[in-house]
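The values are calculated or read from the model by the stated rules, or taken from the named source; none is laboratory data. Computed from a prediction, not measured in an experiment: that's the story for all the values here. As a convention, Cβ positions derive from the backbone with ideal geometry for all residues, glycine included, and neighbour counts pool all protein chains shown.
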Amino acid sequence: MIKKLASLALALCLSLTATAAWAADDIPGAELKGLSLTLGYQGAYMYYSERNALTNNELDKDYGWMSGGFADVRYDFNAAFARLRFDAMGSNRATYDGALQNGTPLKMYTHEFMYKSEFDLGYKLFDQDQATFSPYMGIGYRSWRRGENVQPSYVEDYTWWYTVLGVNHMFRTGKWLLGVDASLLFPFAMKMETDMRGLYDKATFDIKSKTGFRVETPVSYEIYASGDTRLSLTGIPFYERWEIGKSPTVTMTRNGNATSDSYYEPKSTTDILGVRIGLGLQF
């Protein structure tokens, strides 16, 4: 499924690039040059689902709208670009739908907070007419704090690093700058930490990594220009998917002593569908 979506995104980028090749050649590439800074609001609907590794039945889920902000800094050289990205969002009204340890069904509001940072380097494989097409690689870090300050739930801290392999296509027409950015996400050093409301010492669960992906469709409209300086309104619809595998079983300890209790982190998926809205400054 991931490979099919990635192939579709790549085909779309190539199609847009081919279309751009027939456009007027009085504009060099997408006019991406120098430093660009974009800041604004990020909102997204999250759906997280834990499943039984054997039956694939859903064990519990977290879902709801999250709000926060984002910042993108990009520098365009003649034949390459460097990009630093950061976003964070949270909610105190997400819904947990699952069960207590004894199997009693439970549905309640819960707190969520997640952030990630990423650094990318890209090469402008195609940069003429009104279009720029760039494959890129990157590295990032993601953190998610789940269930904070909510009883009878408990805090779980998910963290991992990830590498990125993607393509970025931008196309300028008049005051509009349109794009598609699609990438595969390869997590590593994945873990979840919890002390289960202080019932045990803090335990670390080593999570099995699986490939995820991300698709973005940025759209900008220039509202001011003077020389090399441009100010634009920017909107970026996006979809992001993470998937993790079942962890090994961990024996819990209390005051450094092993208990008779053991747990594991189930396999899960996280789907995030959202939009970023902000102001972009190029100079």
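Take residue 124 and decide whether it is over 30 Å from residue 206 (Cβ atoms) and either touching a Leu at 6+ places or on another chain (Cβ under 7 Å) or surrounded by fewer than 16 Cβ atoms within 10 Å (Cβ to Cβ) (or both).
Judged against the criteria, residue 124 is not a match.
Out of 219, 250, which single residue is under 24 Å from residue 136 (Cβ atoms) and either acidic (Asp, Glu) or modelled with pLDDT of 95 or more (or both)?
Step by step, each of 219, 250 is checked, and only 219 is under 24 Å from residue 136 (Cβ atoms) and either acidic (Asp, Glu) or modelled with pLDDT of 95 or more (or both).
What single numbered condition from (1) surrounded by 13 or more Cβ atoms within 10 Å (Cβ to Cβ); (2) in contact (Cβ under 8 Å) with a residue 60 or more places away in the chain fails to hold for residue 239?
It fails just one condition, (2).
Of (1) within 18 Å of residue 167 (Cα to Cα); (2) at pLDDT 85 or above; (3) more than 16 Å from the chain's Cα centre (by Cα), residue 21 satisfies all except one. Which?
With respect to (1) within 18 Å of residue 167 (Cα to Cα); (2) at pLDDT 85 or above; (3) more than 16 Å from the chain's Cα centre (by Cα), residue 21 is out only on (2).
Please specify each residue of region 32-55 satisfying the condition of being of a type in the set (Ser, Thr, Tyr) and more than 24 Å from the chain's Cα centre (by Cα).
55
Tell me, which residue of region 77-90 that is of a type outside the set (A, V, I, L, M) and over 20 Å from residue 278 (Cα atoms) is surrounded by the most Cβ atoms within 10 Å (Cβ to Cβ)?
Filtering first and then ranking leaves 81.
Within region 151-167, can one find any residue that is under 21 Å from residue 194 (Cα atoms), touching a residue at least 40 places away in the same chain (Cβ under 8 Å) and loosely packed, with under 15 Cβ neighbours inside 10 Å?
yes
When the residues of region 29-45 are filtered to those that are loosely packed, with under 15 Cβ neighbours inside 10 Å and farther than 22 Å from residue 237 by Cβ, which remaining residue is modelled with the lowest pLDDT?
Of everything passing the filter in region 29-45, 34 is modelled with the lowest pLDDT.
Just to be sure I understand, how many residues within region 101-112 are under 30 Å from residue 140 (Cα atoms) and surrounded by fewer than 16 Cβ atoms within 10 Å (Cβ to Cβ)?
1
Considering 48, 115, which residue is touching a residue at least 60 places away in the same chain (Cβ under 8 Å), surrounded by 15 or more Cβ atoms within 10 Å (Cβ to Cβ) and closer than 23 Å to residue 204 by Cβ?
When all the criteria are applied, what remains is 48.
Restricting the search to region 137-169, which residues are among the aliphatic types (A, V, I, L, M) and modelled with pLDDT of 95 or more?
Matches in region 137-169: 137, 139, 164, 165, 167.
Considering each residue of region 254-274, count those that are farther than 17 Å from residue 156 by Cβ, touching a Phe, Trp or Tyr at 6+ places or on another chain (Cβ under 9 Å) and surrounded by fewer than 15 Cβ atoms within 10 Å (Cβ to Cβ), and give that number.
Residues meeting the conditions: 3.
Of a type in the set (D, E, K, R) and either within 16 Å of the chain's Cα centre (by Cα) or surrounded by fewer than 17 Cβ atoms within 10 Å (Cβ to Cβ) (or both): does that describe residue 58?
Spelling it out, residue 58 is indeed of a type in the set (D, E, K, R) and either within 16 Å of the chain's Cα centre (by Cα) or surrounded by fewer than 17 Cβ atoms within 10 Å (Cβ to Cβ) (or both).
Within region 132-185, track down each residue that is among the hydrophobic types (A, V, I, L, M, F, W, C) and under 18 Å from residue 113 (Cα atoms).
144, 150, 155, 160, 161
Here is a list of conditions, (1) free of Cβ contacts under 8 Å to residues at least 40 places away in the same chain; (2) more than 30 Å from residue 38 (Cα to Cα); (3) touching a strand residue (DSSP E or B) at 6+ places or on another chain (Cβ under 8 Å), and residue 181 meets all of them except one; can you say which number that is?
(2)
Could you run through region 63-75 and say how many residues are in contact with a Lys or Arg (Cβ under 7 Å, 6 or more places away or on another chain) and under 20 Å from residue 155 (Cα atoms)?
1
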